Each structure stands twice: as structure tokens, then as C-alpha cells.
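Before any comments, here is the structure.
Nothing in this text is a laboratory measurement; each read-out follows from the coordinates by a stated rule. All of these numbers come straight from a predicted model, not from anything done at the bench. Neighbour counts run over all protein chains shown; Cβ positions are idealised from the backbone, glycine included.
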Amino acid sequence: MNHIEKALSRARELRAIRGGEAPANSTTMTVEGITPEYTQIAVIPAAGRDSPTKLVANRPWHPASDVYRLLRIQVLQRLSRSDKTTLAVTSARSGEGKTLTAINLALSIAMDVNQTVLLVDLNFRSPGIHQEFQFDPKAGLNDYLSGKANLNDCLVNPDIPRLLLLPARGHATNSAELLTSPRMTALARDLKQRHRNRLIIYDTPPLLSSGDTLGFLPNVDTALFVIRDRVTTRSDIQRSAELLSDHHVIGTMVNAVS
Ligand SMILES: Nc1ncnc2c1ncn2[C@@H]1O[C@H](COP(=O)(O)OP(=O)(O)O)[C@@H](O)[C@H]1O
Ligand SMILES: [Mg+2]
């Protein structure tokens, strides 16, 4: 049994004990907080968002926020232990909860006053972060990579302390090329080095439907693998584990929809 399968069975045990959804693995880093410079960055007022949103991790009274706090602690501890600051959230197929997990993990980490987070949408074929935050990006990371926009035109402050978004826009057909481009590699390196205490979470495309994510993974320190409970098949998990075998995987999260 490889480590993803072990994590899966451990998560099932945990879920059985708690009777609810439970992330299997994952991780706190005690680092000094930094105040990002938001002066030139568009602000999307939180007050404009409809209330029935799946952004729950920044609402401490919401039952699901506990789950994301647990995930946050595990992810941060593991990152801290190995001195890593960039994390790709991925899964075998679409619809398994990568975007929801990436967003709520980012929100939960941003709730920690010592921690700032940049959440990046790498799913250029079907970007989802702006949809959950309910705004229409004027420019996206794919525009920056194509030389059509400046980075500051793409960054968005969602009016949530310590969180910054780098959304994608439209439906790019050349996403594999953009994700493996020298410009993407240089940006990933620059984003990581510019604020060394900031965590960067990348929401990625599905691992198995294209080479997009695999091509990008060398640009991140580690990956969090999401499995949708009762949906992700064993063979997809095995195939994903093979593809991820050359990369550092921080843990596996089982996403159970109640
Ligand atoms: N644990 C969950 N509880 C409720 N809805 C969920 C859960 N996980 C995913 N979803 C919903 O399922 C759909 C697919 O999730 P998403 O995060 O977009 O998947 P992916 O990014 O892997 O394609 C979205 O509508 C999302 O809100
Ligand atoms: Mg997604």
C-alpha cells in the first residue's frame, strides 16, 4: 500500500470515529506576520458577496470551519518541519474538491494572525477561485503569462485580512504551455522569494486529464492530494500516486460531502 492509500484508509478510520468528514493528513508554522502592500491592488469588498457561499473557513461558527482548522494545523506543521512555503492542491479528476479545499485552507491559514497567504488559480481551462469569491477578474494569471497584463493588475485583495488572490480568467486552450513556460517558473520563484514568510497555495487542474499539473509541479515545494470520498476510484488514486511519486506530497485529504 503506498502512502496515499495508507492516508486514505486512515482518513476513513478517522471519519468513522468522528462520524463526519475528516482530512487524513496534512499540517503550524510559527512565523512572524507580514503586512502585504495592497496599495495598488484591486479590492473586492467582502460585503458584496452573497451569503450562501462555500467560503466557510473564515467563519468560526460554521461547523465545517473546524475541519479546515484541523487541516490547517497539519499542513502548517508539516510545511514548517520541512521549511517549505509553497503547496499545490491537486486531485485526480475535476469535481473532487481541489478548489474548495484550496480556498478554505487559504482562508483558515489567513485567520492565523501570524500568517499571510497568496492563493493562486492555475486552472486556466476552468478557473474557479473568482467564482467562489464572486468577482469578475479584469485580468488573470494566464493574461500575465501571455504578456497581456501586469502582475499588479491581476492580484486581488478579497477584503479578508492577510489573504491575497491571483485569479485566472477565461478558458485558455494553451494552459499546458503557460504552466510550463519560463515566465511561470520565474514568477513562482519570485513569488516564493519576495515574501519568505508568506504561504502560497496553488489550486491546480486535475492530474489525470492533462499534463498541466504535472508540468507545473517542479515549481512547488509540495502537494496536497485531495480524494473525493466514494467518488475517486482506486485506479485513479493509484495512477495519481505513480505520477506524484517523483514529487513531495505533504499529505492526502479525503473530501467527504455530507
Ligand atoms: N466537502 C464538500 N461539501 C460540499 N460541496 C462540496 C464539497 N467538496 C466539493 N464540493 C462542491 O463540489 C463541486 C466541485 O468542487 P471543486 O472544489 O470545484 O472541485 P475541483 O476543483 O476538484 O474541480 C463544487 O460545486 C464544490 O462547491
Ligand atoms: Mg477546481
Just report the Cα centroid separation between region 55-99 and region 138-211, whole Å. 19
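With a ≥ b ≥ c taken as the square roots of the eigenvalues of the C-alpha gyration tensor of region 183-229, please select rounded if a/c is under 1.5 and otherwise prolate if a/b is larger than b/c or oblate if it is not?
Working: a/c = 3.27, a/b = 1.58, b/c = 2.07.
Note, shape of region 183-229 comes out oblate.
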Take every Cα pair under 8 Å in region 45-202 that's 6+ residues apart, average their separations, divide by the length, and report that relative contact order as a whole percent. 28
For region 225-238, Karplus couplings with θ = phi - 60° (6.51, -1.76, 1.60), whole Hz, Gly/Pro x: 9, 9, 10, 8, 4, 6, 10, 5, 7, 4, 5, 5, 5, 5
Rounded to one decimal in nm, the spacing of the 7 Å Cα→Cβ label points at I41 and R59 is 2.4
Charge context of G140, other residues only, Cβ under 9 angstrom, K/R +1, D/E -1: 0
Summed side-chain charge close to L199 - residues other than L199 whose Cβ falls under 11 Å, Lys, Arg +1, Asp, Glu -1: +4
Please order K148, K192 by the number of other Cβ within 10 Å, starting at the fewest. K148, K192
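Using the number of other C-beta atoms within 10 angstrom as an exposure proxy, rank M253, M111 with the fewest first.
Lowest count first: M111, M253.
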Which of K54/K98; K84/K148; K84/K138 have a Cα-Cα distance over 24 Å? K84/K148; K84/K138
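Given a cut-off of under 8 Å on Cα pairs at least six residues apart, what relative contact order in percent is computed for region 41-116? Don't skip to the end; give the middle numbers.
Numbers: 47 pairs, mean separation 27.1, N = 76.
That works out to 36 percent.
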Net charge, N123 excluded, C-beta distance under 14 Å - Lys, Arg +1, Asp, Glu -1: -1
So, in nm, how far is label T180 from label L70 when the simple model puts each one 7 Å beyond its Cα toward the Cβ? 3.9
